[in-house]
Amino acid sequence: MRTTSRIRWWGTAGVAVALFASACGSSSGTASSKGKTLKLGAVFSLTGAGGVYGPQQQQAVKLAEETINAGGGVNGANLSIQVVDDASTQTQAAQQTQTLIQQNQVVALLGPTLSNSAVAAHPIADSLKTPMLAVSTTGLNIVGTCPYPCTYIFRDSLGEAAAIPTNIKTYVAAASPKPKTGVLLYPNDDKFSVDGATAVKQTVTDPAVGIQLLDTIQFSKSDADLTQFVNQGVAKHPDVIFITSLGGIPAKIMTAARQQGFTGQFLGGNGFNSAAVSKQAGNFGKGARSASAWYLGNDFASNAEFVKAFKAKYGTDPDQFAAQAYTGVLILADAAKRAKLTYTDLAGDRQKLRTAMESTNIQTPLGPFQFTSTHDVHQTIWVIAMDGQGGFSLVTSVKPS
Amino acid sequence: MAFLTQLLFHPFTWYHAHQLLAGQMGVDGLLALSIWLTLYSGQLTLANAGFMAIGAYSSVILTGGTTSSGPAAAGVHLPLPVAMLIGVVLAAVVALLIGLPVLRLKGVFLAIATLGFGEALRFGLILNLGITGKGQGLNNPHATLTSGIMPIWLSLAILAFLAWRLTGTKTGHAWAAIREDQLAAAAQGIDVARYKMVAFVLGAMVAAFAGALGAHLSFLIDSNDYTFTQAIDMLIWAVVGGIAFVIGPIVGAVLLTILPEVLRFTQDYRQVINGVILIAIVLFRPDGLFTRRSGTGQSGWFVRRWVTVRRRWPSRRPQPAPP
């Protein structure tokens with residue numbers, strides 16, 4: 001026993017010496033970038049339709065910038081992130097991406113907030129060979145198989161194509177009795193919702209799930225009253241109601257369905273994952289499940305510190321959008337640390353940063369984070385349920401395969 | 001402010017970092033031109049977002065656009081100019097068909113009916129036909145980010161010139177007459193229905209052309225790009241610029257497209273100031289930036305101001321003779 005503890009002591013001492021040496025090494029590396037500025041840009045929807053998400057993203061990015069700079073910057077270089085508003089329009093998103101790259105000479109970019117803007121902005125960043133990290137776009141074809149070259153595009157936001165199947169499969173696996181029938185409700189004039197609906201339709205036919213869709217009910221996102229659509233769905237007596245939509249729609253559907261006497265399960269996607277939706281649904285939404293990239297109550301250090309700092313600075317809890325934007329800055333800062341940037345050769349630095357981003361492996365508020373070979377999310381998925389009081393509780397978590 | 005300084009004093013540097021904005025300004029100019037054609041002939045039509053969608057979707061589908069489940073039209077890969085021509089012709093045919101019943105309406109009723117056409121096209125066809133990618137939109141792998149900008153501005157210049165020349169022809173005079181007084185025009189022997197239809201169809205063709213050009217600046221088109229907001233934007237450009245001359249709506253479109261970028265330095269107040277400027281223009285220039293005043297011929301802003309000032313000057317008025 002004594003020998004083992006002695007060995008352990010020497011081992012610990014050895015590690016300490018090695019750490020000290022490496023700390024000295026990195027501090028000399030720090031000196032090399034001191035006085036330099038690492039310029040990043042972020043294109044967010046601070047106003048317009050996406051104005052309910054953009055401001056939290058901006059807050060999180062500013063918090064991350066401050067935290068990193070207070071901790072000595074990126075190898076000593078000062079981190080400077082310029083956040084611009086795209087007013088939720090494609091044109092402004094694309095234009096601001098171009099301006100930030102060509103005029104403000106940023107090394108890399110975050111954003112844009114909305115998928116619709118991303119398809120306009122990402123091709124620009126890619127054609128100008130500048131890494132752009134999407135932090136909130138969950139649609140199909142954002143990374144991987146894009147309709148344009150996207151070798152410089154990454155995302156840290158969990159796609160609906162991963163979140164929805166995970167949610168449905170974990171629910172079916174644990175449910176007793178097994179759900180047999182479902183109804184799907186979604187607005188057909190919104191890309192996010194239709195992408196999500198496609199994922200639901202594909203998942204229910206999976207033999208491990210085996211839910212029969214009794215009806216697929218489409219409406220417009222601008223419809224003020226959804227009662228008739230909900231009635232049509234509830235009348236089929238499904239075990240599950242699937243909702244793939246954003247903003248006020250999921251809460252409206254849950255409220256109407258419960259009032260019509262629906263007692264089954266609500267399953268959805270990223271559109272559920274906002275405290276605003278949970279608050280709006282209130283008790284009617286209790287138990288509604290979705291797969292999330294992030295969970296407020298996770299108490300591992302990288303999340304607890306983020307939540308605490310966010311609350312101290314802004315007085316409110318962060319949400320998923322804030323957590324993903326914060327993670328985005330951590331990813332870029334970490335990659336920049338490893339990339340040995342020159343701060344003189346901008347094109348070369350962008351190239352180096354892109355390569356470094358591919359080998360990302362860090363602790364973030366989302367949990368341990370890596371990219372897949374197609375620059376998509378490789379992280380633990382947190383299945384959460386609305387608690388009926390404007391919050392969420394953790395149901396289970398699924399580690400990446 | 002840096003934006004304006006750069007635009008005025010270093011236009012090439014500005015262009016280097018703002019090509020996309022330049023392209024959008026051109027497309028918006030074309031759209032403004034399309035709505036001018038109907039407004040000049042006294043018709044308040046708001047169907048142009050629909051025609052824009054027809055041009056955009058046809059040109060993307062025919063050049064090899066893809067939906068999320070594969071090619072929109074398998075095996076079809078037409079060159080862009082051919083695809084655009086088909087889109088424009090299709091828009092003309094549709095305009096002719098809906099124009100027959102709809103153009104009998106006047107004023108706000110015409111506006112509502114044409115707006116209805118745009119929304120019916122969107123909710124009825126685009127969101128339900130597999131070929132358009134429905135709500136997921138249509139991928140356009142053949143988009144070009146920058147090489148489309150010169151053709152846009154060139155065609156805007158040519159079309160604006162043609163439209164200007166048109167105002168001096170018999171057709172142009174007929175449009176002006178119909179706008180001023182439809183009954184009087186008809187009494188003069190002008191075939192009101194025909195001339196209105198010509199303006200409507202030409203406007204539809206220009207809108208479809210603009211839609212096709214705009215679509216090829218973007219890798220994804222989506223029905224939300226052609227909503228009634230887009231139709232209203234065109235109307236605002238025309239109202240701000242003034243409809244007396246074809247240059248009015250085009251300048252209106254270019255100014256209002258660039259305004260949000262000019263105002264970027266105001267940060268959080270950007271939208272507010274944008275709105276205030278719009279209200280100010282409508283209040284102080286109710287006929288738009290470029291207007292014609294009866295009795296002053298081809299007069300613009302300054303002439304009109306001067307005339308108004310002279311009229312208000314009491315000492316210039318002849319004094320009444322003492323009794």
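Report the antiparallel proportion of the DSSP beta bridges in the protein assembly as shown as a percent, rounded to a multiple of 5.
The antiparallel fraction comes to roughly 40 percent.
Given springs between every Cα pair under 10 Å in a Gaussian network model of chain B, which of B:150, B:84, B:197 has the largest fluctuation?
For chain B, modelled as a Gaussian network with Cα springs under 10 Å, the answer is B:150.
Write down the Å³ per residue value for the convex hull defined by the alpha carbon atoms of the range B:17-285.
Cα-based convex hull of the range B:17-285, divided per residue, equals 130 Å³.
If I stretch the segment between residue B:109 and residue B:267 completely, what's the gain in nm (0.36 nm per residue apart, minus their alpha carbon distance), one decimal?
So the chain would gain 52.9 nm between residue B:109 and residue B:267.
By counting other Cβ atoms within 10 Å of each Cβ, how are A:277, B:251, A:135 ranked from fewest to most?
In increasing order of surrounding Cβ atoms, one gets B:251, A:277, A:135.
What percentage of all Cα-Cα pairs in chain A are separated by more than 30 Å?
So the portion of pairs separated by more than 30 Å is 43 percent.
Could you give the length gained by full extension between residue A:70 and residue A:127, i.e. 0.36 nm per residue of separation minus their alpha carbon distance, to one decimal place?
17.1 nm
Once amide H atoms are placed 1.01 Å from N in the peptide plane, what residues at a sequence separation of 5 or more from residue A:38, or on another chain, have their amide H within under 5 Å of its amide H?
Sorted by chain and number, the residues that satisfy this are A:78, A:79, A:80.
For chain B, the longest stretch holding no trypsin sites (Lys or Arg not before Pro) located in a DSSP loop with at most 13 other Cβ atoms within 10 Å is which?
The answer is B:107-323.
Nearest 500 deg cm²/dmol is fine: what mean residue ellipticity at 222 nm does the protein assembly as shown get from its DSSP H runs of n ≥ 4 alone, each adding -39,500 (n - 2.57), divided by its residue count?
That calculation yields -17000 deg cm²/dmol at 222 nm.
On the Cα set of the protein assembly as shown, report Rg and Dmax in Å, please.
29.3, 131
So how tilted is helix A:54-70 from the main axis of chain A? Cα-based, degrees 0 to 90, rounded to 10.
So the inclination is approximately 20 degrees.
What residue among A:297, A:271, A:54 has the largest mean-square fluctuation in a Gaussian network model of chain A, using Cα springs under 10 Å?
A:297
Rounded to whole Hz and in sequence order, give me ³J(HN,Hα) for the range B:160-167 from the Karplus expression 6.51 cos²θ - 1.76 cosθ + 1.60, θ = phi - 60°, writing x for Gly and Pro.
The phi angles translate into 5, 4, 4, 5, 5, 5, 4, 5 Hz.
Extending each Cα 7 Å along its Cβ direction at residue B:279 and residue A:224, get the distance between those two points in nm, one decimal.
2.4 nm
Working out 0.36 nm times the residue gap between residue B:128 and residue B:5, then minus their Cα-Cα distance, what length gain in nm do you get to one decimal?
Extra length available between residue B:128 and residue B:5 comes to 39.5 nm.
Which lysines have a Cα less than 16 Å from the Cα of residue A:252, not counting those fewer than 8 places away in the same chain?
Partners within reach: A:221, A:279, A:286.
Treating cross-link reach as a plain straight distance, find the lysines whose alpha-carbon is under 27 Å from the alpha-carbon of residue A:39, omitting any fewer than eight places away in the same chain.
Reachable lysines: A:62, A:129, A:308, A:311, A:313, A:337, A:340, A:352.
Using the crude model of +1 on Lys and Arg Cβ and -1 on Asp and Glu Cβ, and no other charge, please compute the dipole size for the range B:17-285 relative to its Cα centre, in debye to 20.
Rounded to the nearest 20 debye, it is 400 debye.
Straight distance only, please: which lysines reach the Cα of residue B:170 with their own Cα at less than 24 Å, same-chain residues fewer than 8 apart left out?
Leaving aside lysines fewer than 8 places away in the same chain, those within reach of residue B:170 are B:106, B:196.
Could you work out which residue, out of B:185, B:253, B:53, moves most in a Gaussian network model of chain B, that is, has the largest mean-square fluctuation with Cα springs under 10 Å?
Highest fluctuation of the listed residues: B:185.
Testing the spin-label approximation: label points 7 Å from Cα along Cα→Cβ at residue A:358 and residue A:232. State their distance in nm.
A separation of 4.8 nm, rounded to one decimal place.
Taking Cα pairs under 8 Å and at least six residues apart, what relative contact order does chain B come out at, in percent?
Reported relative contact order: 28 percent.
Compute the relative contact order of chain A as a whole-number percentage, counting only Cα pairs closer than 8 Å that sit 6 or more residues apart in sequence.
The value is 15 percent.
Each reported figure results from applying straightforward, stated rules to the coordinates on display, with no laboratory input. Computed from a predicted model, the values in this text were never measured in an experiment. So basically every Cβ, Gly included, is an ideal-geometry build from the backbone, and we count neighbours across all protein chains shown.
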